[in-house]
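Inspection log for the structure reproduced underneath, given as structure tokens.
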Amino acid sequence: MSTLEVKDLHVSVTDEENGKGQEILKGVNLKMSTGEIHAIMGPNGTGKSTLSAAIMGNSAYKVTQGDVLLDGKSILDMPVDERARAGLFLAMQYPAEIPGVTNIEFMRAAINARRDPDDQIPVRKFIKMLDEKQDILDMTDEMSGRYLNEGFSGGEKKRNEILQLLMIQPKFAILDEIDSGLDIDALKVVSRGVNSMRGDNFGSLIITHYQRLLNYIVPDQVHIMMDGRIVKSGGPDLAKKLEDEGYAGIRDDLNLDVKLTDEI
Amino acid sequence: MRPSLQDKYMDDVVQFSHQNNEPDWFTKIRTDNLEKSSDLSLPKYEKINYRSWRLDRPTDFNVTSVATGYAPATSKNYIIQAGGKTLDLHLQPELADKGVILTDIFTAVRDYPELIQKYYMTKVVKADDNKLTAIHAVMMNGGIFLYIPRNVQVKDSIQATFVQDNNIKRDFNQHVLVVAEDNSEVTYLENFITNGDSEENKANIVAEVITGDNAHVHYSALDQLSESTTSYLSRRGITGANARIDWAIGFMNDGNVIGDFGTDLLGDGSHTEAKVVAITTGEQVQGIDTKVTNYGRHTIGHILQHGVILESSTLTFNGVGHIVKGARGSDAQQESRVLMLSRHARGDANPILLIDENDVTAGHAASVGRVNKEQMYYLMSRGIDEATAQRLVIRGFLSSVITEIPEEEVRDRLTQMIERKLINGQQ
């Protein structure tokens, strides 16, 4: 069993216009183990994506206090690629497009990066695995032969993120708004992919606005984030409660002094 | 004052010419240009300053080089030269029967005087164009002649490998003359490489391509001259009516190099595609000036250049599209892009369009940029290390040129060369 722990995490970003640091995360605490699915819900602008980027090690986000531990060891000094090889995966909200590099060679490079240079994945084994995973996601060979994310629709990009997840098989996957821009059919396909990973050796942190995704990927724990902190945690019922009462309701229940970005 | 080239070299030039059993008319080309050379100036290229390289000061050009072995080419037709000496040559007998000529330049001067007199430095690169072309004419010490007669289509590619010998002090002045007569077609692939690095040498290479009406030449070049070689590399062509020249040039040298490429689109309806991929590393400077001039009506000239700059090196791309008055219905397009991988690198992409005719289409795109951070983050977030991620991004960047090269073999060899040069540059 592996664990991922976020301890009193404070994260700032630098405003590009005035050069000043702005604190986004103000002390996040979270602990999860493989075998568990956690969901983080919260209103816009509350720091959910910042949390995922900070865990992955995006250099645009500066950790000013606290720690992130994988199996009890701090990963803050590790560059992004090392964190990935240590077992973290981030399905991104806006995956980059890389012309000239095919999806398939990219995935092989990613898998081989985890293997000894003298023991690279045999082509046949790779193709067999790719076929299996593509089937789960209703994807075709045509998509894998295309340049990485170039000209992909929003839905295709999300599917492609999940395909990479299935191919790489990390210990922990953070899914950053994987449901945004997906119609109900695509949502089901993506959920099927994530659910196929469920098991004792896999944990996932699902970031979403909406409860809807959680109907398909049922979480073990739900955390509600507001103003850079986790303000409430609970079981799957918490997501349903949220759906009924909205973020403002939860805020008022908890007597929080938080302005919601989209509040009228 | 330094002695003039004429005073210094006249005896050597005459002696060298006699050693090669060159006819008098060819000796005269050498000596005439030696006289002219002192009045000519170095060619000027926008934003490329190479005066300090002293390309106009030759050293030794007539030393006998030790011909060293090189793995034979894989193609059915090939010529391999080392230090100007031919090591191996093969031409399919059926091509020879049809009148195709593939031989070293000295043999050509002796055996095909009419053709050489007609085409050698007279129509494309003229010996008195500038000081460097004149020096080339004076001290040319190796090269080949490829001749495709009318109506002959050469199916298998013809490969030429030129090995420069830097174990001795000797200038490397190679001449490539390709003549494709009316309705002929040929795919030619050349490779310049250096053997040894105990001496620093200069190279002055001139390649001329002459196409007749409806002729089509696919010209691919992979340049890998070493760090100890400072070079002037000129490859130019002219077109007959409805002729076509496709250039694909992999500029992978390790030393300082000026590249002067392009086509004069003389015949109506002729077409040229000039594609250049360059990588610069270390401290080297590579300057590439690709110029296409539309003279004929309804001519098409396209330039596409992509380059990557690593470490403290410098890369300059000039793209010059010139449509002369009267070249109605012509098209001049160009794209030059440079990607910089280091803070110490310097790069430039200069689009130059000179349009003297109204009824034409023309366009240009140029950029100098750095590796996209989002792309790097994305690749690294999948566990790919920084160096590999960089190479993937670069390969993607160069691929828009490489995928345009029709010959698979050239694409593969170029991709391998890029990978090797990048790995060297990243260390």
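The values are calculated or read from the model by the stated rules, or taken from the named source; none is laboratory data. This one's a predicted model, so the numbers in the text were calculated from it and none came from an experiment. Every residue, glycine as well, gets a Cβ built from its backbone with ideal geometry; the counts of neighbours run over all protein chains shown.
Just for segment A:169-195: of the residues that are within 14 Å of another protein chain (Cβ to nearest Cβ) and out of contact with any Phe, Trp or Tyr (no Cβ under 6 Å at 6 or more places or on another chain), which one is surrounded by the fewest Cβ atoms within 10 Å (Cβ to Cβ)? So the residue we want is A:169. For segment B:45-61, what are the residues that are more than 17 Å from residue B:204 (Cβ to Cβ) and without any contact (Cβ under 8 Å) to a residue 60 or more places away in the chain? Once the filter is applied, which keeps residues that are more than 17 Å from residue B:204 (Cβ to Cβ) and without any contact (Cβ under 8 Å) to a residue 60 or more places away in the chain, segment B:45-61 yields only B:49.
Output the residues belonging to segment B:402-411 that are assigned to a helix (DSSP H, G or I), more than 10 Å from chain A (Cβ to nearest Cβ) and closer than 18 Å to residue B:305 by Cα. Scanning segment B:402-411 gives B:410, B:411.
With respect to the conditions (1) away from chain A (no Cβ under 14 Å); (2) assigned to a strand (DSSP E or B), residue B:342 lacks only one, and its number is (2). State whether the residues of segment A:50-61 include one that is under 25 Å from residue A:195 (Cβ atoms) and surrounded by fewer than 21 Cβ atoms within 10 Å (Cβ to Cβ). There is no residue in segment A:50-61 that is under 25 Å from residue A:195 (Cβ atoms) and surrounded by fewer than 21 Cβ atoms within 10 Å (Cβ to Cβ).
Of the numbered criteria (1) within 14 Å of chain B (Cβ to nearest Cβ); (2) over 17 Å from residue A:41 (Cβ atoms); (3) surrounded by 16 or more Cβ atoms within 10 Å (Cβ to Cβ), the one residue A:159 fails is (1).
When residue B:134 is tested against the conditions (1) in contact with a Ser or Thr (Cβ under 7 Å, 6 or more places away or on another chain); (2) buried (at least 23 other Cβ atoms within 10 Å of the Cβ); (3) more than 21 Å from residue B:201 (Cα to Cα); (4) hydrophobic (A, V, I, L, M, F, W, C), the lone failure is (3).
Where in segment B:88-166 are the helices (runs of 4 or more DSSP H), entirely inside, with at least 3 residues that are among the aliphatic types (A, V, I, L, M) and within 22 Å of residue B:19 (Cα to Cα)? Break it down stepwise before answering.
Values: elements: B:93-97, B:105-111, B:113-119, B:131-139.
Helices (runs of 4 or more DSSP H) meeting the threshold: B:105-111, B:131-139.
Within segment A:104-123, residues that are assigned to a loop (DSSP other than H, G, I, E, B) have Cβ atoms under 7 Å from residues that are loosely packed, with under 14 Cβ neighbours inside 10 Å and polar (S, T, N, Q) in no pair, counting only partners at least 6 apart in sequence or on another chain.
From B:365, B:389, grab the single residue that is of a type in the set (A, V, I, L, M, F, W, C) and either within 14 Å of chain A (Cβ to nearest Cβ) or closer than 30 Å to residue A:55 by Cα (or both). Full working, then the answer.
Details: B:365 fails: either within 14 Å of chain A (Cβ to nearest Cβ) or closer than 30 Å to residue A:55 by Cα (or both).
The unique qualifying residue is B:389.
Quick one: is residue A:46 more than 14 Å from chain B (Cβ to nearest Cβ), part of a loop (DSSP other than H, G, I, E, B) and in contact (Cβ under 8 Å) with a residue 12 or more places away in the chain? Answer is yes for this residue. The single residue among B:296, B:259 that is part of a strand (DSSP E or B) and among the small types (Gly, Ala, Ser) turns out to be B:259. For segment B:81-105, taking the residues that are modelled with pLDDT of 95 or more and of a type in the set (Asp, Glu), the one that is surrounded by the most Cβ atoms within 10 Å (Cβ to Cβ) is identified as B:104. All of B:417, B:376, B:380 fail the test of being of a type in the set (A, V, I, L, M), over 29 Å from residue B:46 (Cβ atoms) and either without any contact (Cβ under 8 Å) to a residue 12 or more places away in the chain or more than 14 Å from every other protein chain (Cβ to nearest Cβ) (or both), apart from B:380. Total residues in segment A:49-64 satisfying the condition of being within 14 Å of chain B (Cβ to nearest Cβ) and at negative phi: the figure is 10. Scoring residue B:350 on the criteria (1) out of contact with any helix residue (DSSP H, G or I) (no Cβ under 7 Å at 6 or more places or on another chain); (2) more than 26 Å from residue B:242 (Cβ to Cβ); (3) surrounded by 22 or more Cβ atoms within 10 Å (Cβ to Cβ) leaves a single failure, condition (3). Can you name every residue in segment A:7-44 that is in contact with a strand residue (DSSP E or B) (Cβ under 8 Å, 6 or more places away or on another chain), within 30 Å of residue A:195 (Cβ to Cβ) and surrounded by fewer than 21 Cβ atoms within 10 Å (Cβ to Cβ)? Passing the criteria: A:7, A:29, A:30, A:31, A:32, A:33, A:34, A:35, A:36. For residue A:117, the requirement of being within 14 Å of chain B (Cβ to nearest Cβ), under 22 Å from residue A:2 (Cα atoms), surrounded by fewer than 17 Cβ atoms within 10 Å (Cβ to Cβ) and not hydroxyl-bearing (Ser, Thr, Tyr) is not met. From the list A:102, A:46, A:64, the one residue that fits, being within 17 Å of the chain's Cα centre (by Cα) and among the hydroxyl-bearing types (Ser, Thr, Tyr), is A:46.
Condition check: modelled with pLDDT of 95 or more, touching a Gly at 6+ places or on another chain (Cβ under 9 Å), farther than 30 Å from residue A:26 by Cα and within 12 Å of chain B (Cβ to nearest Cβ). Does residue A:111 satisfy that?
Yes, satisfied.
Of the numbered criteria (1) assigned to a helix (DSSP H, G or I); (2) of a type outside the set (Ser, Thr, Tyr); (3) at pLDDT 90 or above, the one residue B:383 fails is (1). Restricting the search to segment A:197-247, which residues are buried (at least 18 other Cβ atoms within 10 Å of the Cβ), in a helix (DSSP H, G or I) and out of contact with any Gly (no Cβ under 9 Å at 6 or more places or on another chain)? Scanning segment A:197-247 gives A:197, A:213, A:214, A:238, A:239.
In the set (1) more than 27 Å from residue B:285 (Cβ to Cβ); (2) over 22 Å from the mean Cα position of the chain (by Cα), residue B:403 fails one condition alone, (2). Of all residues in segment A:134-161, those satisfying the criterion of being farther than 19 Å from residue A:182 by Cα and in contact (Cβ under 8 Å) with a residue 40 or more places away in the chain are A:144, A:145, A:146, A:147, A:148.
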